[in-house]
Amino acid sequence: MQLEIQIEDLIEKQASDFEISKLFKSYINEYLSSLDDIFVNNQGKDFLVKHTKSLDSIISIMYKTVTRKMFGNYLPMKSSIPIAIIALGSYGREQLCVHSDIDLMIVHQDIDAYNTSAIIEKLLYLAWDAGLKLGHRVHSVNDLFKSSRDDITIKSAFLESRFIAGSHFTWTEVEQQLNRIRHDNPKEFILAKIDESNIRRKKHPISMQPNLKESIGGLRDSQVLFWIAKTKYNIKTLKDLIGTLFSDQEYREYRVSLELLFRARSALHVLTSKQQDTLILEYIPQVAKMLGYDNYIRFAKDIIQSGWRINNFSQIFIKKVLRSYLYDNSNIKQLRNSRVQKGIYLCNDTLFASYNVEPFKINDLLSLLVSLEDRDINFDGSFLRVVTYASIYHPFKAKTYSFIKQIFSKKDSYQFFQLFYDCGILHEIFGAFKKVKYLPQFDGYHQYSVDIHSIKCVEALENIKDPYINELYNSLKDDEKIVLKIVTLYHDSGKGRKQDHSEIGAKLVAPFLREFKFKEDLIQRAETLVKHHILMSSIAFNENIYSEKTIYKFMSRVKTQKNLTLLYILTYADINGVGGSVYNSFNANLLRQLYDISKQASNDVQRISDASKRVKIEKRLQNGDDFLKLPRTLQKKILQIESNLFFFSHKLDEIIHVASLAKSVTTYNYSYKIENGFHISIIKRVDLNIGYLIGKLNFLNIVSMQIYTLFDGLKYFKLEFIEEPSRDILSNIEEIIDDSFDMSKKVVIKKPNIESKNIYLDYEHSKDYANFSVNTTNQNGLLAYILLVIDNYSVNIATAKIFTTKTRAKDTFLIEKNTNVRDNMQKVVKELVNQG
């Protein structure tokens, strides 16, 4: 090796320790900088082994350099110096990642002829000066056993010892001590490792951005299995237990998953140039590319699936190894008393299975789960085995669906869905989950893959913390609770496809519900809930919930008060299933306010119907090419027009035409046409003397007037007259229209005869508008007079609808509410009925 030659040359020249460490440092940096290229050709365990061997070589040369300098030309045989350099931990397992600490143990024997302390000290200083990140231990052979008893972590590390360099005689002595350590109170050690593992798993739960080392299903879980198996069987690798503990197929599937985690962790270290074990979203696309993936979502999905496989495999076979350590004659009576059926036991709230029990058939599994008392239950690794390998045949028969329905009716059904996930059969029982199995959702909001999120939502539904929502849930009928629970599980089942996941989810939930013979109205309700499951949170968090338009548009989709209540509960569960503290007092308050306001509006069937009609028109409008050609800002402004009547009384192309004209109006714009009467259209930003206009054009006999508030302070007037003016007076009409924008202009109109019974005034018509209507005998100048009076009292008309026949006039106005509207409208009414 070139490095050895260079070192020997420096020693011959009596170079300083600094010069030697500098050469090592340069070599190590050059090696580390070449890892990107090495990683391209060697990934997974091969890369880790290659990296480990390179470090072995460097450390061996360092040790040889130290002894060569200390002994000079009188260097004894390497086995004569009573020192052994030993790799521990991941380094010992040949799984050391690029930027992980190098766990090293140096073991010596106290022999007076050798100054072992000086050799060890010089080796450590050389390694540190050269830039190696060492985590080291120094022991004499005789204190290994005592040290292993001081700390469970030390004992774990000792179990993974691997000889690197030094005396084979000393290593033989070490191996004898390690064998003694392995046999020292193995039960206590294994149970302590299990407790340690349980604490770690709670700290690092399942996630779409897992810690590849520490999370559930991470590399540490595989190490725990190895430590336990090593303690019992004294194996070198888990592969040695094929045919004894697990089958070749089981091990191969586990190894494929483990290999992906090795590759991903190595890529992550190479990419970040540091000890980065958490696979956060920022790095996922780049790591995926390094590993040859074209699609980073596919990579993330494989990572999640690999975590599931490692978790499932380790939990099942850790328990299988533990059997002999956990056996206690005194427990036999307790086991007999806790027997659920042959080979199945429910003890201390945990379900166990004998390893002699064959895997379940699906109906037998479901029947057992249904029979259990309705309370929190844990599932032991032994029980996971008989569920993981359960026999599931499709299509399901009526009996199977009957059992599934009974599971949904349980108070804590979520724990069974989690069991199905942990055992890899969730998608087999609920076919809609095949597309979302292990599917990540990197939207900056969700913390879990779709399947885990869905289960978490059911858990939140069954454990509602909000007293008011809990009261609403408890008030539901049994069938409604079951349907809501199914909807909660299925609400995101449409993801993973190109189409809108809410629409797809609605199509998936309906046939599933029909298998349970639910009434069609309940099924339709479920479809509505899935279709609009994000609607309530979207409205509450992003729109003005005090706007009537917003509320009625919302209710036009929700349709009924019952749907509203169910959607409220579903929204609570959905947000709480996201994870963390996403559901907080702030958004809880917004949702409650939206629910209360919408509940009040739910009784106004006509307005909900209008809003529903408006939504359909908007949808058709938004799908049209002409609308899509408009600037985005104008599209948004059109959809924000308050008046439903504007949408109902215009064709789609007319809506676009009016809005396009309006956007360039600075003062006013008008047009007219003669066709089956006389029609005037006015779009204005400035004040319009509408009473003057109608009064001056009274000779044409107005039959209809509509007023619409558009956007940016613009109003749109449509006037329709019965008579068609002659061409020679059109210039006069144009002059009248232009003069109507002079608010000082006056017109004298004969006061019509209006009785108080002909007037209807409702201040509580809505939050923003009062309703004012006059239904009386048709009289010359009636509308002009009404408008003049309204103008005189500075009352602002938002919308007007005029309907006139030969004998009757029915004029309806929506009046914008302001501070003085009640007083001013009282004055308007008095003047109109000849009392002013």
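The values are calculated or read from the model by the stated rules, or taken from the named source; none is laboratory data. Bear in mind that the values here come from a model prediction, so they are computed numbers and not experimental data. When we count neighbours, we look across all protein chains shown, and the Cβ atoms used for this are built from the backbone with ideal geometry, even at glycine. Accessible surface areas use protein heavy atoms only, side chains included; no ligands, DNA or RNA. Shrake-Rupley method; radii C 1.70, N 1.55, O 1.52, S 1.80 Å.
Is the C-alpha gyration tensor of the stretch 632-683 telling us rounded, prolate or oblate? Criteria: a/c under 1.5 is rounded; beyond that, a/b larger than b/c is prolate, otherwise oblate.
Taking the square roots of the gyration eigenvalues as a ≥ b ≥ c, the stretch 632-683 is oblate.
In deg cm²/dmol and to the nearest 500, what is the mean residue ellipticity at 222 nm of the chain if only DSSP H runs of at least 4 residues count, each as -39500 (n - 2.57), divided by the residue total?
-17000 deg cm²/dmol
On average, how much accessible surface per residue is there in the stretch 316-418, in Å², for a 1.4 Å probe, leaving out ligands, DNA and RNA?
Ligands and nucleic acids excluded, the result is 52 Å² per residue.
Would you mind estimating how fast the chain diffuses translationally, via Stokes-Einstein at 4 °C and 1.567 mPa s with the Kirkwood radius over Cα pairs, in µm²/s?
Diffusion coefficient, whole number: 38 µm²/s.
Among residues other than TYR445 whose Cβ falls under 14 Å from its Cβ, what is the net charge (Lys/Arg +1, Asp/Glu -1)?
So the surrounding residues net to -1.
Which shape class applies to the stretch 188-293: rounded if a/c is under 1.5, otherwise prolate when a/b exceeds b/c and oblate if not, where a ≥ b ≥ c are the square roots of the Cα gyration tensor eigenvalues?
It comes out oblate by the Cα gyration axes.
Based on the mean of other beta carbon atoms within 10 Å per residue, what is the order of 16-22, 225-231, most packed first?
Top of the packing list down: 225-231, 16-22.
List the relative contact order of the chain as a percent without decimals, with contacts defined as Cα pairs under 8 Å and 6+ residues apart.
Computed value for the chain: 6 percent relative contact order.
What number comes out for the charge environment of LYS715, summing +1 per Lys or Arg and -1 per Asp or Glu over other residues with Cβ under 9 Å away?
Net local charge, LYS715 excluded: +2.
So how tilted is helix 520-531 from the main axis of the chain? Cα-based, degrees 0 to 90, rounded to 10.
Long axis of 520-531 versus the principal axis of the chain: about 70 degrees.
Using only Cα atoms, find the angle between the long axis of helix 605-622 and the longest principal axis of the chain, and express it within 0 to 90 degrees, rounded to the nearest 10.
70
Express the accessible area of the stretch 667-763 per residue in Å², computed with a 1.4 Å probe while the remaining protein chains stay in the model.
Heavy-atom accessible area per residue stands at 51 Å².
For the chain, find the longest principal axis of its Cα atoms and tell me its angle to the long axis of helix 821-832, 0 to 90°, nearest 10.
Here the helix axis deviates by roughly 20 degrees.
Determine the sum of side-chain charges near ILE656: Lys and Arg each +1, Asp and Glu each -1, restricted to other residues whose C-beta is under 10 angstrom from that of ILE656.
Taking every Cβ under 10 Å from that of ILE656, the sum is -1.
For a quick protection proxy, order the peptides 281-292, 262-273 by their average other-Cβ count within 10 Å, most packed first.
In descending order of packing, they fall as 262-273, 281-292.
In the stretch 35-156, carbon and sulfur make up what percent of the accessible area (probe 1.4 Å)?
Here carbon and sulfur together make up 47 percent of the probe-accessible area.
Please report the relative contact order for the stretch 351-470, taking Cα pairs under 8 Å with a sequence separation of at least 6, and give it as a percent rounded to a whole number.
23
Between ASP374 and ASP762, what's the calculated FRET efficiency when r is the beta-carbon distance and R0 is 60 Å? Round to 0.05.
0.70
Report the trypsin sites (Lys or Arg not before Pro) located in the stretch 156-222 that are in a DSSP loop and have at most 15 other Cβ atoms inside 10 Å of their Cβ, or state none.
Those that pass, being in a loop and sparsely packed, number zero.
Determine the relative contact order of the stretch 409-563: mean sequence separation of Cα pairs under 8 Å and six or more apart, normalised by residue count, in whole percent.
17
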